[in-house]
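The values are calculated or read from the model by the stated rules, or taken from the named source; none is laboratory data. Owing to the predicted nature of the structure, the values given are computational and were not obtained by experimental measurement. Note that we place each Cβ from the backbone using ideal geometry, even for glycine, and neighbour counts take in every protein chain shown.
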Amino acid sequence: MDIQDTGRPSPTAGRYPADEAELTARAQALEAILVDQGLLGTDTIDEIVRIYEQDIGPLLGARVVARAWVDPQFRARLLADATAACAELGIAGLQGEHLICVENTPQLHNVMVCTLCSCYPWPVLGLPPAFYKSFEYRSRMVVEPRRVLADDFGLVLPADVEIRVYDVTAEERYFVLPQRPPGTEHLDEQALAALVTRDAMIGVAKIAAP
Ligand code: FE
């Protein structure tokens, strides 16, 4: 499943298609076995998917980012203890017990990957997109991040910008505080939140000026 946060087509849509087909087939096979054995009903899975598609997802992360952009004290608390700062906004829960937020600057670009599987900060970003679960992304991002960002996501970073790759685990779930784009000084918190994308909070995109 590939949750879209803005309604705009994702730059990664349709990427790694072979991988996505394999993941879909594997998920369907697992679901069929669990349902067949009476361990859960299809409505259980549908309800969890509905919750993460409609109630929880990148829109919550976007609220966190926008608050950090307009409130320097919240930003400081977010970078010091993201779990506590997110809880201030009522954002907490499953797969988010230890959130860590890392800040992008003009000199530093952070990006997330789970090299082992697909660990992800669910309460702020929802469920991970297909590319995040792909073997290609998980293996290449740690080896040649600058090239993956440029080739697969169209994000070309200047040579003097340092790239840091964070390996997300079940214990430490990172997400990125993107740079506030120029020309947004007049926007309020709600308008700023509407600019923030899931991919920017993963670190595979920047936020474009409106
Ligand atoms: Fe993982």
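So the values come out like this:
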item: Residue count for the stretch 104-154, restricted to those that are loosely packed, with under 14 Cβ neighbours inside 10 Å, within 15 Å of the ligand (Cβ to nearest atom) and not in a helix (DSSP H, G or I); result: 2
item: Test result for ASP199, crowded, with 17+ Cβ neighbours inside 10 Å, of a type outside the set (S, T, N, Q) and assigned to a helix (DSSP H, G or I); result: yes
item: Residue in the stretch 33-89 that is nearest to GLY183 (Cα to Cα), counting only those that are within 18 Å of the chain's Cα centre (by Cα) and among the hydroxyl-bearing types (Ser, Thr, Tyr); result: THR83
item: Residue within the stretch 91-112 that is of a type in the set (D, E, K, R), touching a helix residue (DSSP H, G or I) at 6+ places or on another chain (Cβ under 9 Å), within 14 Å of ALA200 (Cα to Cα) and modelled with pLDDT of 95 or more present; result: yes
item: Verdict on ARG180 being within 16 Å of the ligand (Cβ to nearest atom), of a type in the set (Lys, Arg) and surrounded by 18 or more Cβ atoms within 10 Å (Cβ to Cβ); result: no
item: Test: residue in the stretch 136-157 that is under 30 Å from ARG50 (Cβ atoms), out of contact with any Gly (no Cβ under 8 Å at 6 or more places or on another chain) and polar (S, T, N, Q); result: no
item: Residue check, GLU162 in contact (Cβ under 8 Å) with a residue 24 or more places away in the chain, in contact with a strand residue (DSSP E or B) (Cβ under 8 Å, 6 or more places away or on another chain), more than 16 Å from the ligand (Cβ to nearest atom) and among the acidic types (Asp, Glu); result: yes
